[in-house]
2 protein chains.
Amino acid sequence: MTTPATSTDIPHELVERLGADAIVAPAADRSAWETGVRGDRGDAAFIMRPKDTDGVAAAVACCVRHGIPFVPQSGNTGLVGGSTPDASGAQAVLSLERLNRVCEIDVDNRSVRVGAGMRLSQLNARLEAEGLCFPVDLGADPMIGGMVATNTGGARFLRYGDVRANTLGLTVVLPDGEGTVLGLDRALRKDNTGPDWKQLFIGTSGAFGIVTECVLNVEPLPRERATAILVPRDEAATFELLRALETRLGSDLSAFEFMSGNAMRHALAHAPSVRNPFAGGDIPQIALLVEIARTAPAGEGEATLAEVLERTLAAVWEQADEPLTDALFGPPEELWPLRHALSEGVKHAGRLFAFDLAFARADVMRFRAAMTQHLAADWPELEVCDFGHVGDGGIHFNLVCRDRERCQRSGYEQVLRDTVVRHAVEDFHGSFSAEHAIGRANQRYYDHYTPHALKTLADRFGAALGLQASGAVRFGHEHEDD
Amino acid sequence: MTTPATSTDIPHELVERLGADAIVAPAADRSAWETGVRGDRGDAAFIMRPKDTDGVAAAVACCVRHGIPFVPQSGNTGLVGGSTPDASGAQAVLSLERLNRVCEIDVDNRSVRVGAGMRLSQLNARLEAEGLCFPVDLGADPMIGGMVATNTGGARFLRYGDVRANTLGLTVVLPDGEGTVLGLDRALRKDNTGPDWKQLFIGTSGAFGIVTECVLNVEPLPRERATAILVPRDEAATFELLRALETRLGSDLSAFEFMSGNAMRHALAHAPSVRNPFAGGDIPQIALLVEIARTAPAGEGEATLAEVLERTLAAVWEQADEPLTDALFGPPEELWPLRHALSEGVKHAGRLFAFDLAFARADVMRFRAAMTQHLAADWPELEVCDFGHVGDGGIHFNLVCRDRERCQRSGYEQVLRDTVVRHAVEDFHGSFSAEHAIGRANQRYYDHYTPHALKTLADRFGAALGLQASGAVRFGHEHEDD
């Protein structure tokens, strides 16, 4: 974003503007901001912790003027190295965690104005008192600023869409020499009075500007849910089932999650408290977790959602092509734990190589089949332990290496990553980052796969915003292997 | 977009590239492309009717190189003078109507790739065969390109969102000297691999680029609907009712439309075939049309949607603050005609001044009350005949003048328009264009109310795209009163 600082001295101006208590300098105190959840660890020059938009503007302007590169960070729960500093020791971290006081709920407008440093769980706790929720539902507990910067999707995308679909307004600080504040923050659902500039700050990792406040759409809190785990006839039947359920249930269908047999096996081995729902404990090759939800519980004499789901699946079962071989019913609190245990389960099964891919929906299974075959031939030490939100075309394509020595060889990871991404993007027109954004981990693929015209556009747009970059706009700031 | 042509001669290169049959030159043949639905009438240099994206690119490049300004047009059903040429006779019209052949439905992905010249009704007819629909539901029958250029919302925004929320991809021709084609057209629901550039071509009237093909999200076709007309206790009760229905019905609530007594009176007078649903024919001050919908009809033994709606409204009625004074039930085909007759009804009641406004939801009624009072004092010849999609904060604030002589005085319309827009934007933080975009009619308000930083950004972004504008980017190309 800026050229590296030649000195890590903290400008006097910065200390004066933010207050000494808003700067963390000693190396021993910086660790929490320097370490990401996937173990990426950098070395920061210092940490800035402004408490409001004005403080962020002052910090940004000061850094730009003094040539100090900086990395915006909110909850630091990202998975692509987008919120941690690199190893140079030259980058400052701009933490948004103290921007957590603003939380203005507008019940009539079904919206909330919230600071970038508010945790998702905190926000939902406040909203619950009004019978509302922010519907982007994640396993992690990020802060809102990071959710906007990565445009996360989550497990209920199918029903509610991503962060973009639920953002009404943003307050943004531009990384220019003035710390210009853009107020794109009206709480309107409809407004077509010019370009919707806020869109360019969603999912772009803070490269164009730092989001300090958001106006979000919120939704009535679901009061009843019903779930089932389905075993499809085969991979192709997955989308027959999805179509049948969407047709019958419409927007009551709130989740349609895919779980591979390998991922389930590792989850059940790692988390013995999670119940194995399958008859005789026999884990199938693939399974689906489906959920339906509604905002009001069934009234007297009305069918419960569990009954609706059972009846719907019975009708689907009887279809001529028999897409289902088994359906296991149970309340959400019994069935979701298996889905939620997958991520930790595969992490503990061996060396993990994780990919966050998306495709046109039917291509998820085609990619999966082709890639599994390819890997079995050329990379037999890898086990495909994938799962994901296939209802929206997303899949967390995870590979676990059973030969730790081999997969630590120099170059192994890079060749593997390049191979998987190449198949996803070139052969299946997929996305190399469905919902984790770019960060350091994906900057390489942005550079490689983004058409020249669009990279040029990003640079020119960065220049139009006054970014004093000495070159190309970088969403991840550097290659992971730099 | 470009400087006016000094000659209306048609470049030989253009005729050669598009074919002579794709150019309409004689004045007598041009009328359909020169006249808008609100009576705006211009004078075109000539009409270009390319048949595909390459043709559009050739037409655009040729016009830019020859300095011929042009106006993109698809269905020409817009309401703000965005798709008709001005009176200069210098502007060409770039009609997209022949781009109506591409219509590739992907049932598994619930998406469709469609040309900009496809009519909404044609698209829905094709989709219906697959049990699908494009959910942005309008009274008019525009072409898809214009729907993207204006980011229309419509009557079921509450459930499905606007065109933006349903656009997965776009093919865009840049108005540069090369006619550069940007392929932003992957059919992915999730993709966070850089800025989502397509957003800047949605709702910007073709100023940044001409949309030639779209990949759209489509939805399962609703198979059952139920409707009621509600008479709220007073204006404040409108949002009590909306909250109560959203909480109880969630996303089954598909429309929540506001109708003023004046608008209903004019509609019933103008369209005698429309049934007056009110007891004794007494039209209330305000009424609401609510609709619920689901994709599968009620099964045996299940409550019908009409029963669900009756039961829900009975529960709402019993609330302590008694928000409802009447509820009239009837099937959609009996109740929607009144709502659909409002627009024509007010048009025939006198000289019409129409405003397409949006607010944070509860402000709709506050604005309405304040503005009605203000108009009664200073503009007694005007009658407020408003209606709209208040479930998403939008209102078609229509004023009918009963003193035709007075309202035709010089300057009357401009002062009135400026007054209404000023109150909406300055006093109520509203939008002067909820879903009709900018066009010539609103360029004046874009110029006046857009912060300098954002106007500069638009100009710089236009330059970044290679637009050879000799000055500011204009979404409406000129003032209506120029």
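The values are calculated or read from the model by the stated rules, or taken from the named source; none is laboratory data. Just so it is clear, the model here is predicted, and its values are computed rather than measured. Here the Cβ positions follow ideal geometry from the backbone for every residue, glycine too, while neighbour counts run over all protein chains shown.
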Next on the checklist: Among (1) within 14 Å of another protein chain (Cβ to nearest Cβ); (2) under 23 Å from the mean Cα position of the chain (by Cα); (3) modelled with pLDDT of 95 or more, there is one condition B:ARG119 misses while meeting the rest; what is its number?
Outcome noted: (1)
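Of all residues in segment B:360-396, how many are in a loop (DSSP other than H, G, I, E, B), in contact with a helix residue (DSSP H, G or I) (Cβ under 9 Å, 6 or more places away or on another chain) and away from every other protein chain (no Cβ under 14 Å)?
Selection size over segment B:360-396: 4.
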Next on the checklist: Based on this model, can you work out whether B:GLY82 counts as out of contact with any Phe, Trp or Tyr (no Cβ under 9 Å at 6 or more places or on another chain), touching a residue at least 60 places away in the same chain (Cβ under 8 Å) and not aliphatic (A, V, I, L, M)?
Outcome noted: no
Next on the checklist: Suppose we keep only residues that are among the acidic types (Asp, Glu), part of a loop (DSSP other than H, G, I, E, B) and modelled with pLDDT under 95 within segment B:279-336. Which one would you say is surrounded by the most Cβ atoms within 10 Å (Cβ to Cβ)?
Outcome noted: B:GLU302
Checklist entry - Can we say B:LEU221 is out of contact with any helix residue (DSSP H, G or I) (no Cβ under 7 Å at 6 or more places or on another chain) and facing chain A (nearest Cβ under 9 Å)? => result no
Checklist entry - Any residue at all in segment A:459-472 that is within 23 Å of A:PRO85 (Cβ to Cβ), surrounded by fewer than 23 Cβ atoms within 10 Å (Cβ to Cβ) and touching an Asp or Glu at 6+ places or on another chain (Cβ under 6 Å)? => result yes
Checklist entry - From B:ALA358, B:ALA376, B:ALA362, which residue is within 16 Å of the chain's Cα centre (by Cα), among the aliphatic types (A, V, I, L, M) and farther than 30 Å from B:SER273 by Cβ? => result B:ALA358
Item to check | B:ASN151, sole failed condition from (1) more than 14 Å from every other protein chain (Cβ to nearest Cβ); (2) closer than 23 Å to B:GLY203 by Cβ | outcome: (1)
Checklist entry - Just wondering, is there one or more residues in segment B:96-115 that are free of Cβ contacts under 8 Å to residues at least 24 places away in the same chain and over 30 Å from B:LEU132 (Cα atoms)? => result no
Checklist entry - Any idea how many residues of segment B:447-458 are surrounded by fewer than 23 Cβ atoms within 10 Å (Cβ to Cβ) and either part of a helix (DSSP H, G or I) or in contact (Cβ under 8 Å) with a residue 12 or more places away in the chain (or both)? => result 8
Next on the checklist: Looking for something within 30 Å of A:ARG460 (Cα to Cα) and without any contact (Cβ under 8 Å) to a residue 40 or more places away in the chain - is there at least one such residue anywhere in segment B:420-443?
Outcome noted: yes
Checklist entry - Can you tell me how many residues in segment A:235-266 are in contact with a Pro (Cβ under 9 Å, 6 or more places away or on another chain) and more than 14 Å from chain B (Cβ to nearest Cβ)? => result 2
Next on the checklist: Only one of B:ALA327, B:ALA362 is assigned by TED's automatic domain parsing to the domain that holds B:GLY388, of a type in the set (A, V, I, L, M, F, W, C) and either over 23 Å from B:GLU383 (Cβ atoms) or touching a Lys or Arg at 6+ places or on another chain (Cβ under 6 Å) (or both). Can you tell me which?
Outcome noted: B:ALA362
Checklist entry - Could you count how many residues in segment A:17-45 are in a loop (DSSP other than H, G, I, E, B) and either at positive phi or at pLDDT below 90 (or both)? => result 6
Next on the checklist: When the residues of segment A:48-80 are narrowed to those that are of a type in the set (Val, Ile, Thr) and in contact with a strand residue (DSSP E or B) (Cβ under 7 Å, 6 or more places away or on another chain), which ends up surrounded by the most Cβ atoms within 10 Å (Cβ to Cβ)?
Outcome noted: A:VAL56
Checklist outcome for this item: Taking segment B:73-108 and keeping only residues that are within 14 Å of chain A (Cβ to nearest Cβ) and within 17 Å of B:ASP141 (Cα to Cα), one is left with B:GLY78, B:LEU79, B:VAL80, B:GLY82
Item to check | Conditions (1) modelled with pLDDT under 90; (2) in a helix (DSSP H, G or I): number failed by B:ALA424 | outcome: (1)
Next on the checklist: Restricting to segment B:424-441, name every residue that is out of contact with any Asp or Glu (no Cβ under 8 Å at 6 or more places or on another chain) and either more than 7 Å from chain A (Cβ to nearest Cβ) or of a type in the set (Lys, Arg) (or both).
Outcome noted: B:ALA424, B:VAL425, B:GLU426, B:ASP427, B:GLY439
Next on the checklist: Can you say whether B:ARG223 is within 30 Å of B:THR304 (Cβ to Cβ), surrounded by 22 or more Cβ atoms within 10 Å (Cβ to Cβ) and touching a residue at least 40 places away in the same chain (Cβ under 8 Å), as far as the supplied structure shows?
Outcome noted: no
Checklist outcome for this item: Among residues of segment B:175-194 being more than 7 Å from every other protein chain (Cβ to nearest Cβ) and in a loop (DSSP other than H, G, I, E, B), the residue surrounded by the fewest Cβ atoms within 10 Å (Cβ to Cβ) is B:GLU178
